[in-house]
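Q: A single structure is presented below for examination.
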Amino acid sequence: MKIAVLTGASGQLGQSFLDTLSKNDYCIYAIDLNIECIVESQNIKPIKLDITDENRVHEFYNSLDKIDLLINNAGIGVFTPFEQRTAIEFMQVMNVNLLGTFLMSQAAIKLMKNQNNGKIINIGSIYGQVSSDERIYGDSGRNNSEVYSATKAGVIHMTKYMATHFGKYNIQTNCISPGGIINNQSEDFVNNYEYKNPMGRMGRPEDIQSALEYLISEGTTYTNGQNITVDGGFVAW
Ligand code: NAD
């Protein structure tokens, strides 16, 4: 059976990725800080793990014999205004989005090199490519931050590093960068976002699942170092 490791498995996109991986016959190690909402089954193994904890990450990988797929999906943002940002808040976002992605990938690549096979999919964001237009946020209090954008740009670039350095071991590393996904946001925000989006709607988890389907399919063995933006054309203006 193919083995997948998925981080941020309890979140909105994580849950939808779990479905996609299950349908594609993976045995999935479903990692999150909180795993109460993940239903354990024959092919889904919930693992409570903080991806920023180097020792715990190594402990987890020591229990694996092989890994076919790693999806670095766990990610966080921060919503206080730029002028009030504390160093602690800044480093929390850096740690989860960049250090966590690095630690999970470093350990996976050691196994994948030995196997001469593997796929890594990082989850970036449109805000790793363009800055956010603060006018669409109104008083939602959910404005995007500089550090989120910087880390997502970093994730897109780390994808290229891993693709170019480990492609020779038959490891393909790619990134999927979603646009905003509908999830109980305020009506004002949704209207503004939809107005700004060329397709006139926010994304849905299934939009991102189809990009994942492409990258994990058996025939996809030569796509490497790419950032697939799934945003209805938001960054194309
Ligand atoms: P979410 O908040 O619903 O889920 C993220 C999950 O990551 C949570 O379950 C959280 O507990 C987990 N997590 C956080 N820190 C962790 C840690 N240290 N160790 C292990 N797990 C940890 O987020 P989502 O909307 O599902 O987003 C998933 C990914 O997609 C993120 O990387 C996010 O930046 C990216 N993204 C989301 C959107 C969107 O609109 N939803 C848009 C662009 C990019």
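Please treat every number below as a calculation from the coordinates, not as lab data. Everything numeric here is computed off the predicted structure, so don't read it as measured data. Cβ coordinates were reconstructed from backbone atoms using ideal geometry, including for glycine residues, and neighbour counts include every protein chain displayed.
Q: Going by average Cβ neighbours within 10 Å, how do the peptides 68-76, 175-183 rank, with the highest at the top?
A: Top of the packing list down: 68-76, 175-183.
Q: Something else now. Efficiency by 1/(1 + (r/R0)^6): what FRET value for residue 76 and residue 27, r their Cβ-Cβ distance, R0 = 25 Å, to the nearest 0.05?
A: 0.40
Q: Still on this structure, please answer the following. Quick check: the angle from helix 187-196's long axis to the longest principal axis of the chain, C-alpha only, nearest 10 degrees?
A: Taking the Cα atoms of the chain, the angle to 187-196 is about 80 degrees.
Q: Which lysines have a Cα lying under 24 Å from the Cα of residue 168, excluding residues fewer than 8 positions away in the same chain?
A: 2, 66, 110, 113, 119, 160
Q: Any aspartates and glutamates with Cα under 18 Å of the residue 152 Cα? List them, leaving off those in the same chain fewer than 8 positions away.
A: 89, 133, 134, 231
Q: Give a quick list of chymotrypsin sites (Phe, Trp or Tyr not before Pro) in region 40-83 that DSSP marks as loop, anything other than H, G, I, E or B, with at most 13 other Cβ atoms within 10 Å. Intermediate values should be presented prior to the final figure.
A: Details: sites: 60, 61, 79, 82; in loops: 79.
Hits after loop and neighbour filter: 79.
Q: Also, quick follow-up: Tilt of helix 12-23 relative to the longest C-alpha principal axis of the chain, in degrees (0 to 90, nearest 10)?
A: Once rounded, one gets 40 degrees.
Q: Could you give the angle, 0 to 90 degrees to the nearest 10, between helix 146-166's Cα long axis and the longest principal axis of the Cα atoms of the chain?
A: Result, in degrees: 30.
Q: Given the Cα-Cα distance of residue 188 and residue 48 and 0.36 nm per residue of separation, how much length would full extension add, in nm?
A: Numbers: separation 140, 0.36 × 140 = 50.40 nm, distance 3.60 nm.
That works out to 46.8 nm of additional length.
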